[in-house]
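Novice: Could you have a look at this structure, given as structure tokens, before my questions?
The values are calculated or read from the model by the stated rules, or taken from the named source; none is laboratory data. All figures in this text were calculated on a predicted structure; none of them were measured in a lab. Glycine gets a Cβ as well: all are built from the backbone with ideal geometry, and neighbour counts include every protein chain shown. The protein model used for the area step is the full one, side chains on, heavy atoms only, and it has no ligands, DNA or RNA in it. Shrake-Rupley method; radii C 1.70, N 1.55, O 1.52, S 1.80 Å.
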Amino acid sequence: MKKLTSATSVRFVVILTLLSVVAGTLTSQENEVFNSRYKMWENMIEKNHVYISAYVGHGSYSMNGLKKVHEQFLSLYGIAAIPNSNFPPYPLYGISIARKYDNARFGFDFEYMSTGARSSLADYSAQFTSDFICKGYKFGIFLEKEIGYRFPKAEKLEFGYVIEAGAITTKMDYEANLNYSPPEINDEKLMIEAEGTSLFAEPALLARWPLTRTSFLQLNAGFFFDFPVEFYMTYHVPQTSISWFGYRVKLKFTQRL
Amino acid sequence: MKIFYILLSLLLFTSCTFEPDGLNYVEIEKPADTHPMEVTLSIDRDSIYIYRSTNFSYKINSNGKKLNAAVVKYLDNEIIMTANAENFSFYIDKPNTDNTNKWFDLTIDFYVSTGSGSIADVVKMENYLMSKTWKIQFVDLQNAKLKTGHKIHPDGYLEVYIIKPSYLEGKFTCDNFGIPIPHSRNSGDTLFFADKSYVYGTERYQMTFKFDDNQNYNWYNWSFTVNYPEIEFKAEAYGPDSCKVSWGNSPFKLYYNLNNNLYSGFDKAYIVPIMVNEKKSFNLKINSPNYVNETYSREYKTTEFIQGTQTYYNMCYSVDKDIFFISSNESLPYISSSGIPIPKSENNAQYNSKVNIYCSPNGKYIAGHSYLNIYIYNENLTLAKKIPDIGLDYNYRPYFAVTNDGAFTYQHRNTLHLRNVSERTDWESFSFKTDLDSLYTNIYLSVIANSIDGKYICVRGLNGLKIYDVSDHQTARVAYTHPDKGVNSFVAHPTDPGLIYAVVNGELQLRTCPGFELVKNIDIELADYKIYTIDPYSRILMMWKNDDLYFYDPDTGQKLLQLKSNQLWRQQALLVRNHLKMANNTIDLTQYLQK
């Protein structure tokens, strides 16, 4: 058994806690209450309260493993390439669909995120680029719940929290190009692709502003925790892992159908 | 709110997927187009012979630049050396048969870093290229036909040599059936080995090569034969009393030892005195000068010599017909005639007869005898009559003679026998005893003589000399008596029946027969001699004293020749037509008996 690191353990505890909170929210402790919510649920279905959302956001991505791997790759080439980018925070995009019952929304979320890195060097003889591109395809289930607090001067503004968990599929592309200036020397290219899936949890706070009776804007701010995906790229570098851990800020437009 | 929408728009305009961009360009000075370099191969020649799997390395002087790679190419092989290329070495093994013993190229491309520090330089793709080519030939020693040979050193000994292939490093050795032949000298690529024991004949030499690295499995052999002709060892007449023993003319300087130090040295011939009836054997030990003290000689040759012509047969001579009659076959005795030169005995049955034959001076009558039989031949040389069991006792020189009237006279103890071998029928035989000796006394040598006409027989015994008249072939009448014992030998004149040569009181005299009157004294410088015989052809007297033979002209008393013999007085030798016929040989003395 591979020993879990402390960071992984923390993430594991957080994800389980959030899942238990969501589960606890859905659990009735008294039959009367259950019966009341069952009726409300039936009303909601009858009233077709379905919310669809699209959002953009911004996130930071840990990618600590790949950063080390990149350094190792560069040392293999022996070229003193200079970093141009090193897995920077980058926009993310997503859509979700949810239904509301009582004062909570429950739904599914799909999100696309990417980041990458480049180190390069060029002179009269050649140009060298070493690029990583990582793409994350996140599919999760979430629960939004308002906490009922409002500002007196902006009563339309609602606050709450979001708890989301699910799986994230990572696609990693590495490409190194060494293009020589003398045409008689053949260019060199190295491409590596890898893919993996792991579990994640993403808790966030939300602030919602209604635009119309059926639509609103929502700002989420939270953190993304995941189990790092293990990758084996080449025998020249040790096995590494990719983690999308980092902050998430999302602006979400939601339309109630 | 406006700010919010602006931010939202910016996010939407952003590319959905992160795209790395940017390029860090650095200015680096380009290196020079050329760079001086030198390469030395471990076998530093342009054309290289190799003889087995050979390791090559090289030294490159790149003047401060680093060797990135070297690419070795030969035949269908290509070896790329990148890691630690400066210290790399490689082997070239034996190629396939088609490429063995042929030149092929070895090319090495050297890639030397420019040292510019550029990206291409860092990844070793920017290099100075130097290409160099050598010619290689793999010589298959196992099947190589190396030139070998031999010659004679100016000092006179044999040298065998092998021409060593160029640059073949190792040791050549030479042996002669396991006997090592020492290496003597080098001349260029030619290695010489001196066999100072060789004298002649067929010898096989084997050259062996072995590499220097003590790898016992690398042995290569070349064999060849040396064959100088054998030395001809021969003996030939050198005058009538010597022979010349010679042993050819060898190209080598050799040391000879004749008959156990009779002669030893470097000469090619030696003169050896020899007696007329002596058959002498010679042996010659042949050695090179370096081996004269060896117990066993390198070569050993033998020969033998006897003066004149080998004539084991018996013969007689008719002076009137000037012809020789030769006894040929004992079991069926017959004779043949011969002129000059007389035939040489062969090792067959033709001339092995032991029948002693005698003929009359006129050649009309021929008779012979063996131990017990008398043979009488016709004039056509066929056997006419065999008279058995005559019972002769042999002494040293039994007397036999055939006279011109056909009387075969022979002696048995003190009795003389006469047998008719002619066509006459009025007598057959008769015998008479002399009173000059006792019954069993052997009559001394050369003391009986028939006159050639058969009328008289002169006999000398212990009691004196008598001449018998046997002309009627019935009785022996004493015609002359000489009591003086001073007549020690005599011989009838070969052509005049009225004369006789006698040694009287030590003087050679010609006397009449039967009167025994002195005709003349013949003055010769000799004493204590006896008459042996007289040549009816040349009328030269042969006398003997001890073992010496003397040849005198009785007309002048001149000594013509003196020879040594080996107890020839024991034999019935003949001197006929200047030929001295002995038991085993006949010497033609014509050139020495010139009056």
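Novice: On the given criteria, is residue A:78 among the small types (Gly, Ala, Ser) and at pLDDT below 90? Walk me through how you get there before you give the answer.
Specialist: Values: among the small types (Gly, Ala, Ser): yes; at pLDDT below 90: yes.
The answer is yes for residue A:78.
Novice: Another question, then. Could you please find all residues in the stretch A:208-241 being under 24 Å from the mean Cα position of the chain (by Cα) and among the hydrophobic types (A, V, I, L, M, F, W, C)? Even if it seems obvious, please write down each step before you answer.
Specialist: So in the stretch A:208-241, the residues under 24 Å from the mean Cα position of the chain (by Cα) come out as A:208-209, A:216-233, A:239-241.
Across the stretch A:208-241, the qualifying residues are A:209, A:216, A:217, A:219, A:221, A:223, A:224, A:225, A:227, A:229, A:231, A:233.
Novice: So, of the residues in the stretch B:58-79 that are surrounded by 13 or more Cβ atoms within 10 Å (Cβ to Cβ) and free of Cβ contacts under 8 Å to residues at least 40 places away in the same chain, which turns out to be nearest to residue B:101 (Cα to Cα)? Let's see the steps before the verdict.
Specialist: Of the stretch B:58-79, the ones surrounded by 13 or more Cβ atoms within 10 Å (Cβ to Cβ) are B:58, B:60, B:62, B:65-75, B:79.
Cutting the leftovers down to free of Cβ contacts under 8 Å to residues at least 40 places away in the same chain gives us B:72-73, B:75, B:79.
Working: B:72: 21, B:73: 18, B:75: 13, B:79: 22 Å.
Among residues in the stretch B:58-79 that are surrounded by 13 or more Cβ atoms within 10 Å (Cβ to Cβ) and free of Cβ contacts under 8 Å to residues at least 40 places away in the same chain, the one nearest to residue B:101 (Cα to Cα) is B:75.
Novice: Follow-up. If you check residue B:88 against the conditions, is it away from chain A (no Cβ under 14 Å) and in contact with a helix residue (DSSP H, G or I) (Cβ under 8 Å, 6 or more places away or on another chain)? Lay out the reasoning, then the answer.
Specialist: Values: away from chain A (no Cβ under 14 Å): yes; in contact with a helix residue (DSSP H, G or I) (Cβ under 8 Å, 6 or more places away or on another chain): no.
No: the conditions fail for residue B:88.
Novice: If you don't mind, there's one more thing I want to ask. Looking at the stretch B:551-583 only, could you name the residues that are assigned to a strand (DSSP E or B), open to solvent by 70 Å² or more (accessible area, probe 1.4 Å) and among the charged types (D, E, K, R)? Walk me through it before giving the result.
Specialist: Filtering the stretch B:551-583 for residues assigned to a strand (DSSP E or B) gives B:551-553, B:558-564, B:574-576, B:579-581.
After this cut, where a residue has to be open to solvent by 70 Å² or more (accessible area, probe 1.4 Å) as well, the list is B:558-559, B:562, B:564.
B:559, B:564, listed by residue number.
Novice: Checking residue A:58 against (1) open to solvent by less than 30 Å² (accessible area, probe 1.4 Å); (2) touching a Phe, Trp or Tyr at 6+ places or on another chain (Cβ under 8 Å), which test does it fail?
Specialist: Condition not satisfied by residue A:58: (1).
Novice: Now a separate question. What number of residues within the stretch A:92-122 are at the interface with chain B (Cβ under 9 Å from one of its Cβ atoms) and either closer than 19 Å to residue A:190 by Cβ or open to solvent by 10 Å² or more (accessible area, probe 1.4 Å) (or both)?
Specialist: Number satisfying all stated conditions: 9.
Novice: Determine which member of the set B:372, B:381 is at pLDDT 75 or above, surrounded by fewer than 17 Cβ atoms within 10 Å (Cβ to Cβ) and under 25 Å from residue B:569 (Cα atoms).
Specialist: On the way: B:381 fails: under 25 Å from residue B:569 (Cα atoms).
Being at pLDDT 75 or above, surrounded by fewer than 17 Cβ atoms within 10 Å (Cβ to Cβ) and under 25 Å from residue B:569 (Cα atoms) holds for just one of B:372, B:381, which is B:372.
Novice: Further, regarding this structure: Please work out which one of (1) open to solvent by less than 50 Å² (accessible area, probe 1.4 Å); (2) modelled with pLDDT of 90 or more; (3) acidic (Asp, Glu) is the condition residue B:299 fails and give its number.
Specialist: (2)
Novice: Could you check how many residues of the stretch B:550-583 are β-branched (Val, Ile, Thr) and without any contact (Cβ under 8 Å) to a residue 60 or more places away in the chain? Even if it seems obvious, please write down each step before you answer.
Specialist: As a first pass, look at the stretch B:550-583 and keep what is β-branched (Val, Ile, Thr): B:556, B:576.
With the extra rule that they be without any contact (Cβ under 8 Å) to a residue 60 or more places away in the chain, the set shrinks to B:556.
The total comes to 1.
Novice: OK, next. Counting only residues that are closer than 28 Å to residue A:73 by Cβ, away from chain B (no Cβ under 11 Å) and open to solvent by 80 Å² or more (accessible area, probe 1.4 Å), how many does the stretch A:146-198 have?
Specialist: Within the stretch A:146-198, residues that are closer than 28 Å to residue A:73 by Cβ, away from chain B (no Cβ under 11 Å) and open to solvent by 80 Å² or more (accessible area, probe 1.4 Å) number 6.
Novice: I would also like to ask the following. Among the residues of the stretch B:4-19, is any at pLDDT 90 or above, within 14 Å of chain A (Cβ to nearest Cβ) and surrounded by 15 or more Cβ atoms within 10 Å (Cβ to Cβ)?
Specialist: We begin by selecting, within the stretch B:4-19, every residue at pLDDT 90 or above; these are B:17-19.
This time we only want the ones that are within 14 Å of chain A (Cβ to nearest Cβ), so: B:17-19.
From the residues that got through so far, the ones that are surrounded by 15 or more Cβ atoms within 10 Å (Cβ to Cβ) too are B:17-18.
Within the stretch B:4-19, one or more residues are at pLDDT 90 or above, within 14 Å of chain A (Cβ to nearest Cβ) and surrounded by 15 or more Cβ atoms within 10 Å (Cβ to Cβ).
Novice: Sticking with this structure for a sec: Can you name every one of the strands (runs of 3 or more DSSP E) wholly within the stretch B:100-174 that holds 1 or more residues which are within 14 Å of chain A (Cβ to nearest Cβ) and not basic (Lys, Arg)?
Specialist: Working: elements: B:103-113, B:127-138, B:148-152, B:158-163.
Here the list reads B:103-113, B:127-138.
Novice: Here is a list: B:281, B:318. Which entry is open to solvent by 60 Å² or more (accessible area, probe 1.4 Å), at pLDDT 90 or above and among the small types (Gly, Ala, Ser)? First the steps, then the outcome.
Specialist: Values: B:318 fails: open to solvent by 60 Å² or more (accessible area, probe 1.4 Å).
Exactly one of B:281, B:318 is open to solvent by 60 Å² or more (accessible area, probe 1.4 Å), at pLDDT 90 or above and among the small types (Gly, Ala, Ser), namely B:281.
Novice: Still on this structure, please answer the following. When you look at residue B:312, is it within 30 Å of residue B:362 (Cα to Cα) and open to solvent by 30 Å² or more (accessible area, probe 1.4 Å), yes or no? Walk me through it before giving the result.
Specialist: Values: within 30 Å of residue B:362 (Cα to Cα): yes; open to solvent by 30 Å² or more (accessible area, probe 1.4 Å): yes.
In short, yes.
Novice: While we're on this one: Let me confirm something: among B:593, B:560, which residue is among the aliphatic types (A, V, I, L, M) and within 20 Å of residue B:527 (Cβ to Cβ)? Outline the logic, then answer.
Specialist: On the way: B:593 fails: within 20 Å of residue B:527 (Cβ to Cβ).
Going through B:593, B:560 in turn, just one is among the aliphatic types (A, V, I, L, M) and within 20 Å of residue B:527 (Cβ to Cβ): B:560.
Novice: Take the residues in the stretch A:61-80 that are more than 7 Å from chain B (Cβ to nearest Cβ), open to solvent by less than 60 Å² (accessible area, probe 1.4 Å) and among the small types (Gly, Ala, Ser); name whichever of them is nearest to residue A:220 (Cα to Cα).
Specialist: Only one residue fits best here, namely A:62.
Novice: Just checking, how many residues over the stretch B:81-102 are surrounded by 13 or more Cβ atoms within 10 Å (Cβ to Cβ) and of a type outside the set (Gly, Ala, Ser)? Outline the logic, then answer.
Specialist: Step one: filter the stretch B:81-102 for residues surrounded by 13 or more Cβ atoms within 10 Å (Cβ to Cβ), giving B:81-82, B:85-86, B:88, B:90, B:92, B:94-95, B:99-101.
Then drop every residue that is not of a type outside the set (Gly, Ala, Ser), which leaves B:81-82, B:86, B:88, B:90, B:92, B:94-95, B:99-101.
Adding up the residues that qualify gives 11.
Novice: Considering every residue within the stretch B:188-203, establish whether at least one is of a type in the set (Lys, Arg) and part of a strand (DSSP E or B).
Specialist: Let us first name the residues in the stretch B:188-203 that are of a type in the set (Lys, Arg), namely B:196.
From the residues that got through so far, the ones that are part of a strand (DSSP E or B) too are none.
For the stretch B:188-203, residues of a type in the set (Lys, Arg) and part of a strand (DSSP E or B): absent.
Novice: Taking the residues in the stretch A:123-145 that are surrounded by 19 or more Cβ atoms within 10 Å (Cβ to Cβ) and more than 8 Å from chain B (Cβ to nearest Cβ) as candidates, determine which candidate is nearest to residue A:74 (Cα to Cα).
Specialist: It comes out as A:130.
Novice: Would you say residue B:277 is assigned to a strand (DSSP E or B), assigned by TED's automatic domain parsing to the domain that holds residue B:301 and out of contact with any Asp or Glu (no Cβ under 6 Å at 6 or more places or on another chain)? Outline the logic, then answer.
Specialist: Working: assigned to a strand (DSSP E or B): no; assigned by TED's automatic domain parsing to the domain that holds residue B:301: yes; out of contact with any Asp or Glu (no Cβ under 6 Å at 6 or more places or on another chain): yes.
No: the conditions fail for residue B:277.
Novice: Let me ask you something else. Within the stretch B:244-253, can one find any residue that is closer than 30 Å to residue B:375 by Cα and crowded, with 17+ Cβ neighbours inside 10 Å? Spell out how you get there, then give the answer.
Specialist: Going through the stretch B:244-253, the residues closer than 30 Å to residue B:375 by Cα turn out to be none.
No: the stretch B:244-253 contains no residue that is closer than 30 Å to residue B:375 by Cα and crowded, with 17+ Cβ neighbours inside 10 Å.
Novice: Which residues, taken from the stretch B:175-187, are assigned to a loop (DSSP other than H, G, I, E, B) and surrounded by 16 or more Cβ atoms within 10 Å (Cβ to Cβ)?
Specialist: So in the stretch B:175-187, the residues assigned to a loop (DSSP other than H, G, I, E, B) come out as B:177-178, B:182.
Hits for the stretch B:175-187: nothing passes.
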